[in-house]
Every structure is written in structure tokens, then in C-alpha cells.
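A quick write-up on the structure given underneath.
Bear in mind that the values in this text are calculations on the coordinates, not laboratory data. Bear in mind the structure is a predicted one, so any value in this text is a computation, not a measurement. Reconstructed Cβ throughout: ideal geometry from the backbone, glycine too, with neighbour counts over all protein chains shown.
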Amino acid sequence: MRLFVAIAMPEDVTERLSAVMGGLDGARWVDPDDLHLTLRFVGEVGRDAAEDLAAALSSLRAPAFPLRLAGFGHFGSGRRVRALWAGVEPQPALALLQGRVEAAARRAGQPAETRKFVPHVTLARMAGAVPEDAVAHWTALRGPFAAGPFEVREAVLFESFLGRDGPHYERRMAVPLERLPDADDWEEGEFC
């Protein structure tokens with residue numbers, strides 16, 4: 001099984017992202033139904049390791065939070081841009097959630113992630129050499145980008161299936177995030 005933990009994009013954000021996708025030679029666009037923000041890539045694991053991961057994730061506790069996408073970016077440089085993505089506004093609760101997902105993965109026996117967490121939603125992967133100036137031109141034509149905010153209420157364990165037309169993802173488990181009470185919800189003396 002090829003697994004990862006992510007935040008799925010809600011329908012309105014998916015529609016907003018879909019509206020900007022296209023128009024870049026050499027880009028293989030992500031299926032809009034598969035748009036997500038990866039919290040932890042796990043990779044290929046056996047059934048026992050997948051069950052251990054699911055058990056560790058089931059005990060994860062983190063608050064729900066608002067998230068907003070903003071701007072575009074890419075990985076790679078020069079003539080070798082590898083991926084184009086939508087950025088994420090800084091959000092401490094996202095960093096907290098990602099840290100707790102990482103801790104759960106390590107409790108389940110997964111090796112520590114060595115790459116720095118760069119929150120993003122991948123829009124396209126590049127087929128061949130796509131120059132950075134072509135990506136900059138694509139970005140400039142779309143102007144400032146923002147989507148959301150939307151409420152992140154769960155993290156999802158996905159299984160990835162690789163195919164000729166690109167990967168396809170299926171939900172295997174949802175980890176609900178806790179709704180914290182608003183100040184208006186508090187009754188006097190309730191949260192001491």
C-alpha cells in the first residue's frame with residue numbers, strides 16, 4: 001500500500017483551483033478530485049504497518065482551524081521546474097497538526113521525515129523540461145490568487161494508486177479534528 005496523510009480540499013476551493021489550471025505546456029494537471037495538502041508522505045508499506053499507522057492516527061488530537069490558500073509557487077529552478085503549486089497562508093494550527101501527524105507516523109514505526117514541511121497544494125507535475133520563466137509567465141497571467149478560508153475539520157489517510165494517467169487517491173481513514181468552543185459558546189465558569 002502506498003499511503004499519505006493529507007487535508008482534502010473542499011468543493012468550493014477545488015472549483016477555484018480548477019479555474020486556474022491549464023495553459024502551461026509540459027504540465028500534467030492533477031485531477032481536481034485529488035487536490036490535497038500533504039501532511040506526511042508515508043510511501044509503500046505492508047498491511048501490518050498500515051494498520052499500525054491507522055491506530056496511531058486514531059489517537060491523534062488537534063483542533064479544527066481555518067485555512068486559506070494564497071499565491072502560487074513551484075519546486076525546481078532554471079529549466080527543470082518539477083511541480084507547480086498553490087501556497088498556503090501561515091497558520092500555527094496547521095504546523096501543530098502536521099507535527100502531530102509526524103509524531104503519530106513515528107510512533108507507528110515510520111522513519112522520521114527529513115524534508116522540511118512546505119505546505120502547498122500541488123496543481124501540476126511537469127513532464128520534461130519546463131523552464132522557470134514559462135512558470136513565471138503562467139503565474140503572472142493569473143494575477144494574485146486566494147481561496148478560502150475554509151474550516152479544516154479532518155486529516156485523511158489516503159492510499160495512492162499509480163497509473164498511466166497519473167495517480168488516483170482513495171480515502172482509507174478520516175481523523176476528525178476537535179472543534180474548539182468560541183468565546184460566545186462559553187458559559188461562565190465552564191472553562192476554568
Fraction of alpha-carbon pairs in region 41-172 farther than 20 Å apart, rounded to whole percent, equals 58
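Taking the Cβ of Gly87 as the centre, find all other residues whose Cβ is under 14 Å away and add up their charges (Lys, Arg: +1; Asp, Glu: -1). List each step's numbers first, then the result.
Values: positive: Arg16, Arg68, Arg142; negative: Glu89.
Cβ neighbours under 14 Å give a net charge of +2.
Would you mind working out the magnitude of the charge dipole of the chain relative to its Cα centre, with +1 at each Lys and Arg C-beta and -1 at each Asp and Glu C-beta, to the nearest 20 Debye? Kindly include the intermediate steps, with their values, before the conclusion.
Numbers: 22 positive and 28 negative charges, 231 e Å.
The dipole of the chain has a size of about 1120 debye.
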Note, region 104-112: 3J(HN,Hα) by Karplus (6.51, -1.76, 1.60, θ = phi - 60°), whole Hz, Gly/Pro = x, goes 5, 4, 5, 4, 7, x, 7, x, 4
In order over region 83-97: 3J(HN,Hα) from phi, Karplus 6.51/-1.76/1.60, θ = phi - 60°, whole Hz, x for each Gly or Pro, gives 8, 10, 9, 9, x, 10, 5, x, 8, x, 5, 5, 4, 4, 4
Within the under-11-Å Cβ sphere about Phe65, not counting Phe65, Lys/Arg +1 and Asp/Glu -1 give a net charge of +1
